[in-house]
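Below you'll find the structure, written out as structure tokens, and then a few comments.
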Amino acid sequence: MATSLGKPSLSSARKYLPVCVLDDEADQLERTTSWLMNSGFPVLGTTSPQEALQKVRMEGCRVLVADLKSPDMDGLAFLEKALQHDPGLQIVLVSNKYSVDYAVEAIKRGAHEYLPRPFDLARLEKILDEVAEIQAQRSEVRDLEEKLFKKLSVSGDRREESGDA
């Protein structure tokens, strides 16, 4: 669905941005996934880092919202593993132990954003809308590149047929 300016509507962009939420606290996981689902995002939740990686790989999640505090895996190690599985994955890290140094390190290693806890769900929603818009723009660019490539291929074929090449 497009707006009058040709851009996808916010709700349309949201429904094409699968989000995986990883949080070892079941209450927080439920709160975050419910909020995002009610906001129009397709959401999968888990308390296990291994399962989150599997959801990224098997379920096509484009965004991962991950709590850094996990008894099973260090947050930065998890970030690196997730990006190995999918270098285009957008990762929003969340932590109770917010430090500027840790946030900078996470961003350097590929995190899209770093939020201290407790975080505002409306802020997370805004971040995901930005990611959805970026994803929609990238998709539009890919579509235009494909159309241009096809047009140039057809045009080149016509020149070869007429002997102009």
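The values are calculated or read from the model by the stated rules, or taken from the named source; none is laboratory data. Nothing here was measured: the structure is a model prediction, and the numbers come from that model. Please note: Cβ atoms are built from the backbone with ideal geometry, for glycine as well, and neighbour counts cover all protein chains shown.
Looking at this structure, is G40 in contact with a Lys or Arg (Cβ under 6 Å, 6 or more places away or on another chain) and modelled with pLDDT of 90 or more?
yes
Filtering the range 115-137 to residues that are under 19 Å from C20 (Cβ atoms) and of a type in the set (D, E, K, R) leaves R117, R123, E125, K126, D129, E130. If you filter the range 90-102 down to residues that are out of contact with any Leu (no Cβ under 6 Å at 6 or more places or on another chain) and touching a residue at least 12 places away in the same chain (Cβ under 8 Å), you find that the one that is nearest to L124 (Cα to Cα) is V92. Condition (residue is farther than 19 Å from K126 by Cβ and modelled with pLDDT of 90 or more) applied to the range 63-79: is it met by at least one residue? No. Considering the range 118-142, and only residues there that are touching a residue at least 24 places away in the same chain (Cβ under 8 Å) and under 17 Å from D67 (Cα atoms), the residue that is surrounded by the most Cβ atoms within 10 Å (Cβ to Cβ) turns out to be L128. Please go through (1) of a type in the set (G, A, S); (2) closer than 18 Å to P116 by Cβ; (3) loosely packed, with under 14 Cβ neighbours inside 10 Å for A77 and return the number of the only condition it doesn't satisfy. Failing condition for A77: (2).
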